[in-house]
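Q: Please read through the structure below; I'll follow up with questions.
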Amino acid sequence: MGGRRPQELEPGETVLWTGHSPSRKRPRWLWVLLLGYLIGLAALGSAWNWGVAIQSGLTTLFFTVADRWRMKATLTRGRYTVTTRRVLVEATWWGRPICRAERLSDLAKAAVTDYRGGRAVEFGDREKSSNPGHRSNGMLIAPLALFVGDEADRLLEVVRTAQQG
């Protein structure tokens, strides 16, 4: 991937399948919670100490930004692309694009699993805490499941064919 964005194809790589997970809307209560938090910080600052309120706000901002990197490493929902070499998952986080790319050669054997009325192609088995794979540098890969519903069987065949080379 040297210097390229992960969603760009590498030389000799071809797209085998594209799809997306069912859309999930962010609950409106999150916005109410955020507004309440900001009002609480303003009340804390005006009633007690602005320094504490600013430190609390900056700490929250730090952990929110750090959450983006955690999201990128564990991303499982969004737009999926399976190529001859990789699985790409693309989504947005607070309006900013994030992409997760995993090499098929690093991933464990895929299987179809059922989730709350839907189906997914999963690498490893979360229920049994089975390993989804290791990167070439030895790092453990975070669980990866592609929530594709009715297309799960077709996608499983595409992934297995690509993993065999």
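The values are calculated or read from the model by the stated rules, or taken from the named source; none is laboratory data. None of the values given here were measured: they were computed from a predicted structure. Neighbour counts run over all protein chains shown; Cβ positions are idealised from the backbone, glycine included. Heavy atoms of the whole protein, side chains included, go into the accessibility calculation; ligands, DNA and RNA do not. Shrake-Rupley method; radii C 1.70, N 1.55, O 1.52, S 1.80 Å.
Q: Just to be sure I understand, how many residues within the range 150-164 are closer than 13 Å to residue 87 by Cβ and not hydrophobic (A, V, I, L, M, F, W, C)?
A: Residues of the range 150-164 that are closer than 13 Å to residue 87 by Cβ, as a first pass: 155-156, 158-160, 162-163.
Still in the list and also not hydrophobic (A, V, I, L, M, F, W, C): 160, 163.
Looking only at that region, the number is 2.
Q: Residues to consider are 76, 59, 18, 81; find the one that is modelled with pLDDT of 90 or more, out of contact with any His (no Cβ under 8 Å at 6 or more places or on another chain) and either part of a loop (DSSP other than H, G, I, E, B) or open to solvent by 60 Å² or more (accessible area, probe 1.4 Å) (or both).
A: Working: 76 fails: modelled with pLDDT of 90 or more; 59 fails: modelled with pLDDT of 90 or more; 81 fails: either part of a loop (DSSP other than H, G, I, E, B) or open to solvent by 60 Å² or more (accessible area, probe 1.4 Å) (or both).
Only one candidate passes the filter, namely 18.
Q: Whether any residue in the range 118-135 is of a type outside the set (A, V, I, L, M), in contact with a helix residue (DSSP H, G or I) (Cβ under 8 Å, 6 or more places away or on another chain) and assigned to a loop (DSSP other than H, G, I, E, B) is what I want to check. Talk me through it step by step, then tell me what you get.
A: Of the residues in the range 118-135, the ones of a type outside the set (A, V, I, L, M) are 118-119, 122-135.
Still in the running and in contact with a helix residue (DSSP H, G or I) (Cβ under 8 Å, 6 or more places away or on another chain): 118-119, 133-135.
Still in the running and assigned to a loop (DSSP other than H, G, I, E, B): 135.
The answer is yes, given that some residue of the range 118-135 is of a type outside the set (A, V, I, L, M), in contact with a helix residue (DSSP H, G or I) (Cβ under 8 Å, 6 or more places away or on another chain) and assigned to a loop (DSSP other than H, G, I, E, B).
Q: A follow-up question, please. Of all residues being assigned to a loop (DSSP other than H, G, I, E, B) and under 18 Å from residue 158 (Cβ atoms) in the range 89-111, which is most open to solvent (accessible area, probe 1.4 Å)? Just the residue, please.
A: First, the residues of the range 89-111 that are assigned to a loop (DSSP other than H, G, I, E, B): 94-95, 108-109.
Now restrict to residues that are under 18 Å from residue 158 (Cβ atoms): 108-109.
Values: 108: 29, 109: 149 Å².
Result: 109.
Q: Look through 114, 150 and report the one residue that is in a helix (DSSP H, G or I) and open to solvent by 30 Å² or more (accessible area, probe 1.4 Å).
A: On the way: 114 fails: in a helix (DSSP H, G or I).
That would be 150, the only listed residue that is in a helix (DSSP H, G or I) and open to solvent by 30 Å² or more (accessible area, probe 1.4 Å).
Q: Which is modelled with pLDDT under 75 and either among the acidic types (Asp, Glu) or within 20 Å of residue 122 (Cα to Cα) (or both), of 4, 103, 24?
A: Criteria check complete, one pass: 24.
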